[in-house]
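The values are calculated or read from the model by the stated rules, or taken from the named source; none is laboratory data. As the structure is a prediction and not an experimental result, all values here were calculated from the model. We place every Cβ from the backbone using ideal geometry, glycine too, and count neighbours over all the protein chains shown.
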Amino acid sequence: MTQVPIFNPIASQDKATLEKIALISGQDIYQCMQCGTCSSVCPMVETMGMTTRQGIHLLQFGKTAAVMDARIGELCASCHSCMVRCPRGIDVAKVYDAVRQLTLRENINLIDLNEIPKETLTDAPQIAFVSSFRKLTS
Ligand code: SF4
Ligand code: SF4
């Protein structure tokens with residue numbers, strides 16, 4: 001019988017990114033069955049460019065740039081509501097934190113100190129700035 005080569009549509013660069021995400025997060029995104037439970041409990045889903053379920057789905061197909069551009073990694077509040085309810089035991093927050101770390105490794109920042117309004121600099125607690133810079137800047 002002739003062996004038919006299976007076409008793998010995931011580009012090698014995206015494969016490398018997926019491997020890094022798996023290594024950093026320790027999670028297997030291919031366990032996701034797309035039930036959408038994580039999206040339904042996520043308090044930040046309205047602010048993200050896509051739902052948490054969609055993010056995992058895109059990653060499964062190697063669409064890593066789309067997930068990085070949606071800024072899910074930065075907008076995730078690390079509340080772990082998704083993790084405790086995921087029927088497949090996936091720690092979704094860890095997956096998105098890995099995406100965030102890879103974005104920062106490309107020197108892409110979510111906030112710019114120079115663009116923060118003066119009133120915010122005066123009024124906001126310093127701990128808010130410290131934690132924001134730690135999470136959102138490279
Ligand atoms: S809750 Fe788990 S299995 Fe369901 S869509 Fe989210 S990551 Fe996938
Ligand atoms: S850990 Fe992040 S992705 Fe998961 S429910 Fe909380 S905010 Fe949403």
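Here GLN34 clears all of (1) among the polar types (S, T, N, Q); (2) more than 16 Å from ligand 2 (Cβ to nearest atom); (3) at positive phi except the condition numbered (2). Taken over segment 46-58, the criterion of being surrounded by 20 or more Cβ atoms within 10 Å (Cβ to Cβ) and either more than 13 Å from ligand 1 (Cβ to nearest atom) or assigned to a loop (DSSP other than H, G, I, E, B) (or both) is satisfied by MET48 alone. Of all the numbered requirements in (1) away from ligand 2 (no atom under 12 Å from the Cβ); (2) among the hydroxyl-bearing types (Ser, Thr, Tyr); (3) in contact (Cβ under 8 Å) with a residue 24 or more places away in the chain, SER132 misses one, and that requirement is (3). I'm checking my understanding of the structure. Among residues of segment 66-89 that are more than 7 Å from ligand 2 (Cβ to nearest atom), among the hydrophobic types (A, V, I, L, M, F, W, C) and more than 13 Å from the chain's Cα centre (by Cα), which one is nearest to GLN13 (Cα to Cα)? Among those that are more than 7 Å from ligand 2 (Cβ to nearest atom), among the hydrophobic types (A, V, I, L, M, F, W, C) and more than 13 Å from the chain's Cα centre (by Cα), it is CYS86.
Of the residues making up segment 59-111, just one is within 14 Å of ligand 1 (Cβ to nearest atom), without any contact (Cβ under 8 Å) to a residue 24 or more places away in the chain and buried (at least 19 other Cβ atoms within 10 Å of the Cβ), namely ALA93.
Among the residues examined, GLN27 qualifies as surrounded by 19 or more Cβ atoms within 10 Å (Cβ to Cβ), touching a residue at least 40 places away in the same chain (Cβ under 8 Å) and among the polar types (S, T, N, Q).
Cβ-Cβ distances below 6 Å connect the following pairs, each with a first residue in segment 1-18 that is of a type in the set (Val, Ile, Thr), a second residue that is at pLDDT 85 or above, and a separation of six or more residues or different chains: ILE10/GLY62; THR17/THR64.
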